[in-house]
Every structure is written in structure tokens, then in C-alpha cells.
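To start, the structure itself, in C-alpha cells.
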Amino acid sequence: MDKIVIIGGNPLNGKIKISGSKNSALPILASSLLTKDKISISNIPNLSDVTSMFDLLKSLNVNIRKKVNSIDLTSSTPESFFAPYEIVRKMRASFLILGPLLARYGEASVSLPGGCAIGTRPVNLHLEGLAKMGVNFKIENGYVRGNINGRLKGTTLNLDKVSVGATENLIMAATLAEGTTIINNAAREPEISDLSKLLIKMGAKINGFGTKKIVIKGTRSLKSCSYKIMPDRIEMGTFALCVFGCSGKVELENVNEEICVHLKKIFKPLKSLKLKIFKNGKRILIQKDADQEISLKIKTKEYPGFPTDLQAQLTSALLKTKGKTEIIENIFENRFMHISELIRMGAKLNQKGSKVIVSMCKKLKGAEVMATDLRASSSLVIAGLMAEGETIINRVYHLDRGYENLEKKLQSCGAQIRRIRS
Ligand code: UD1
């Protein structure tokens, strides 16, 4: 298993090109199952989660052709409509093929994802929504088996909880349903809008994406289109927090204005972190000014709130800041696996239930640590960059699920970080 070795203490200065969004790419790739026509997608990040989605789609008879700047996907009828445990257990987003398969073929058999390092993560909202659209589900041997005679039926779906994945699965399913589907209490994440824009280019009729009420008028078939995936806002936020933790000045390229404005808003409480958006919104400068004492309370929330996917990185970035910050995790029940590793490096963290209090630590020292999930891994990278001496991060395959060339991008800004392959 690869390891990452970091010698901490350098400020970061340079330019970084942001990759396409992982959380957009996965549902967008799953959408290829909705049509027999070719869809051509660009700005797909090179990540192991994307490779897992390709493997799954190939097993469902999707032809995938890599071109210089884009990837063509053409989906023909598969022999079976089956997503095996070996793929779903590696990547929960595999569950996103359920809606498209049921909508196009009226049949699907998908392994239940089970729990993961950050919590139980049920899929009840996906299943309840699809059941209300007419699907009969059976759960057998760890698999969800769904079928429907004819087309899905449009209806009003009131989600009990805001869920990104359920909203995406239901939007995709509703595009080919008979009649109109209304999703109330829908997730408003920019990745939902990105998916909706792709589907509209494919001929779907979707209104209200980006709000809590999404209305989809079903159509009989969808068609070919080309689409460019939006930049990864979590990657952007991670680099901004690297700069906050290490000091310096880093320009992020290949971004978009809407995300820049959002990041500026969520990072406003970190007074010494300055974000300057360039005129066309395609570049943003992240700069750390002289340290200021801060005492904050930050809660993770659904978009447009502070994202849970940046909670671990925020914790690391604050380790050496004067003051006390209370971070409350509201989305997942067990997203604190990084805490004990950070404490091994000298961090002053006190976690109780869904809350962690970050106090200033005078000496953060490198150590050998273990990555436990994707975002916990990047929080260890940030801590390693901030710490004195050497940090060795084990199990970096977690990092490779969601960050493209992380160590190369950081090296180009002066970080001493390298990968040991094994
Ligand atoms: C997506 C993101 C992930 C992010 C999360 C929250 C992708 C591929 N992943 O995950 O990076 O951390 O949104 O922003 O886009 N829930 C239920 N029942 C369900 C579904 C969800 O109770 O059927 C709960 C979950 O346990 C969690 C909350 O709803 O507490 C939000 O989860 P959800 O938005 O569905 O997360 P994902 O789509 O899995």
C-alpha cells in the first residue's frame, strides 16, 4: 500500500489547477444508463472512485471510449441489471445506478452499501422514493431487487431528510417516468445542479434544481449530448485550508464564480484567510494574512452551509490558531476518525458526541498516522504540512478516491510531500 511522506513547515506559494468534481462526475456517469445514445463528458477527474464507476458501467454494457479531452459513454442493453457487492462496498455512489436502471429497464439488482467509516449511511430515502414511483422492492442476500411493470409513475416525493444521493437517484429516475415528479426537501448542492444541467442537455425537463423543490416532467427517451463537469469545490476548499494552516499565497485555476462566492462566504469567519476572486470568476487567489485570534462555532450543514466534506480539513487547519473553535458535525454521526490520529501529532482536541473543540497547540509534531476515510486523509495531509518534522500517512488509497495528484499539486507550491509506492 502506498504511503505519503511529508516534511512539514513550508508555506505554500504557487498555482494549482482544480480538477473536475468527483461528486458531480459519479451521478453524471451513472446518467449514461438513461439513454442508448452517446454522451460525451469532459473534465472528469482521474480518481479511483471514477475508475470504480467505469468498471460498474462496463459490467452493465456501457461502452467507454477515452478521448484526449473527454470520455464517450454509450449504453446498450445489458444481460443483467446487477451491481455486485465487490464494487458497491468500495464506493457507495454505485447505488446511483439504481434510479437510471429502473427508469430505463424496469429492473435492477444492487448490493446494499452497508455502513462505512463515517456512519451507518442508510439508503431508505432512495428506496422509499422509488417505491412511491411504483417500484416493488425485495431485499435478499444483501441485495435490493427492484422491478416495475412498464414505466415509473411521476408523483410527489417529500424527503424526510435532505439527501444528496437520494435527490440525484430520484431526479434521474423521474426523467423517464410517466407524468410529473415533484421532489420536496431536495438537496441544493451545486452537484445536483450540475447533474440537472447535463440531464436537461440530454432532453430532460427539470425545473427548480438548486432549490428545495425540484419538478421533473418525465419524457420517453433522452438523447446524446456533450457536457463539462464543474470544478471540485471540496478540492478547492481543501487547498484553501492548506493555505490557512501553512500560510502563503496560492492561486486556484479552472474554478467557477459561484463556488468561489460560496467558499468566500463559508470561510469568512477565518479572518486571516483572504479569498480574492478574479474578474472572470475562473481563478481565485487564496492568501493567509498574519494570524488572528479567533473563537468560533462552526456547524456542518447541507448546502449552502459549511460542508461536512471540509470538516476534518478545517479541524487540522485550525490546530495552531490562537483561540478556541467548536466544530459541530450535523450530517454524519461518526465523522471524527481523524481526531485520534491528530492527537498523536500533539493536537489539542476534545471530542464529545457530535462536537469537537479545537484549542491552540504549541507544538505540532510529525508522526506515523493512518488514513481512515477520504476527507480524514486530507486532514492528515494538512496537519503533516503544518507539523514539525516527518509525517508518514498510511492507507492513502482513501485519498486517491477523491483527490487527483494531490501530492504533485502541493509539491508545485513548495510543499515537501512525496509518495512511496509499494
Ligand atoms: C454525498 C456526497 C458526500 C457528502 C454527503 C453530504 C457524493 C458521491 N457523496 O453523500 O461526499 O459527504 O453527500 O454532503 O456525492 N440519509 C438517510 N437516508 C438515505 C440517505 C441519506 O438517512 O436514504 C442520511 C445520511 O445517513 C446522512 C444524511 O442523510 O446522515 C446525508 O447523506 P447524503 O446527502 O445522502 O450523502 P451521500 O449522498 O451518501
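The values are calculated or read from the model by the stated rules, or taken from the named source; none is laboratory data. None of these values were measured; they are calculated from a predicted model. Cβ coordinates were reconstructed from backbone atoms using ideal geometry, including for glycine residues, and neighbour counts include every protein chain displayed. Just the protein is used for accessible areas: all its heavy atoms, side chains included, with ligands, DNA and RNA removed. Shrake-Rupley method; radii C 1.70, N 1.55, O 1.52, S 1.80 Å.
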query: If you check Asp160, Asp194, which single one turns out to be within 23 Å of the chain's Cα centre (by Cα), on the phi < 0 side of the Ramachandran plot and open to solvent by less than 20 Å² (accessible area, probe 1.4 Å)?
result: Asp194
query: So which of Ile339, Ile294 ends up being in a loop (DSSP other than H, G, I, E, B), away from the ligand (no atom under 16 Å from the Cβ), β-branched (Val, Ile, Thr) and free of Cβ contacts under 8 Å to residues at least 60 places away in the same chain?
result: Ile294
- prompt: Out of the residues in the stretch 253-295 that are farther than 13 Å from Ile18 by Cα and of a type in the set (Lys, Arg), which is surrounded by the most Cβ atoms within 10 Å (Cβ to Cβ)?
  reply: Lys288
Test set (1) under 19 Å from Ala186 (Cα atoms); (2) in contact with an Asp or Glu (Cβ under 7 Å, 6 or more places away or on another chain) - Phe81 fails condition number: (1)
query: How many residues are surrounded by fewer than 17 Cβ atoms within 10 Å (Cβ to Cβ) and more than 16 Å from the ligand (Cβ to nearest atom) if we restrict to the stretch 201-218?
result: 7
field: Among (1) hydroxyl-bearing (Ser, Thr, Tyr); (2) within 16 Å of the ligand (Cβ to nearest atom); (3) buried (at least 22 other Cβ atoms within 10 Å of the Cβ), the one test that Ser354 misses
entry: (3)
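Quick check, is Glu257 assigned by TED's automatic domain parsing to the domain that holds Thr155, under 30 Å from Val381 (Cα atoms) and under 22 Å from the mean Cα position of the chain (by Cα)? Break it down stepwise before answering.
Details: assigned by TED's automatic domain parsing to the domain that holds Thr155: no; under 30 Å from Val381 (Cα atoms): yes; under 22 Å from the mean Cα position of the chain (by Cα): yes.
Criteria not met by Glu257.
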- prompt: Out of the residues in the stretch 169-191 that are farther than 18 Å from Ile229 by Cβ and part of a loop (DSSP other than H, G, I, E, B), which is most open to solvent (accessible area, probe 1.4 Å)?
  reply: Arg188
query: Is it fair to say Ile28 is in the same structural domain as Asn141 (by TED's automatic domain parsing), away from the ligand (no atom under 16 Å from the Cβ) and open to solvent by less than 50 Å² (accessible area, probe 1.4 Å)?
result: no
query: Just wondering, is there one or more residues in the stretch 241-252 that are surrounded by fewer than 22 Cβ atoms within 10 Å (Cβ to Cβ) and in contact with a Ser or Thr (Cβ under 8 Å, 6 or more places away or on another chain)?
result: no
field: Filter pass, Ala166 being assigned to a loop (DSSP other than H, G, I, E, B), open to solvent by less than 50 Å² (accessible area, probe 1.4 Å) and within 16 Å of the ligand (Cβ to nearest atom)
entry: no
Failed item, numbered, when Phe332 is tested on (1) assigned to a helix (DSSP H, G or I); (2) open to solvent by 40 Å² or more (accessible area, probe 1.4 Å); (3) within 16 Å of the ligand (Cβ to nearest atom); (4) among the hydrophobic types (A, V, I, L, M, F, W, C): (1)
message: So for the stretch 76-85 (the condition being modelled with pLDDT of 95 or more, open to solvent by 10 Å² or more (accessible area, probe 1.4 Å) and farther than 18 Å from Gly146 by Cα), does at least one residue qualify?
response: yes
task: For the stretch 149-163, enumerate the residues that are more than 9 Å from the ligand (Cβ to nearest atom) and assigned to a loop (DSSP other than H, G, I, E, B).
output: Asn149, Gly150, Arg151, Leu152, Gly154, Thr155
statement: The helices (runs of 4 or more DSSP H) lying wholly within the stretch 18-135 that contain at least 3 residues that are over 30 Å from Lys409 (Cβ atoms) and touching a strand residue (DSSP E or B) at 6+ places or on another chain (Cβ under 7 Å) are 98-105, 124-132
task: Could you grab me the full set of residues in the stretch 136-157 that are open to solvent by less than 70 Å² (accessible area, probe 1.4 Å), more than 12 Å from Asn124 (Cα to Cα) and not small (Gly, Ala, Ser)?
output: Glu140, Tyr143, Ile148, Arg151, Leu152, Thr155, Thr156, Leu157
query: Given the conditions (1) in a loop (DSSP other than H, G, I, E, B); (2) not hydrophobic (A, V, I, L, M, F, W, C); (3) not assigned by TED's automatic domain parsing to the domain that holds Leu33, and given that His262 satisfies all but one, which numbered condition is not satisfied?
result: (1)
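Per-residue answers, yes or no, for (1) assigned to a loop (DSSP other than H, G, I, E, B); (2) over 20 Å from Asn23 (Cβ atoms); (3) among the hydroxyl-bearing types (Ser, Thr, Tyr); (4) away from the ligand (no atom under 16 Å from the Cβ):
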{"position": "Thr372", "(1), (2), (3), (4)": "yes, no, yes, no"}
{"position": "Ala376", "(1), (2), (3), (4)": "no, no, no, no"}
{"position": "Leu399", "(1), (2), (3), (4)": "no, no, no, no"}
{"position": "Leu410", "(1), (2), (3), (4)": "no, yes, no, yes"}
{"position": "Arg419", "(1), (2), (3), (4)": "no, yes, no, yes"}
{"position": "Ser422", "(1), (2), (3), (4)": "yes, yes, yes, yes"}
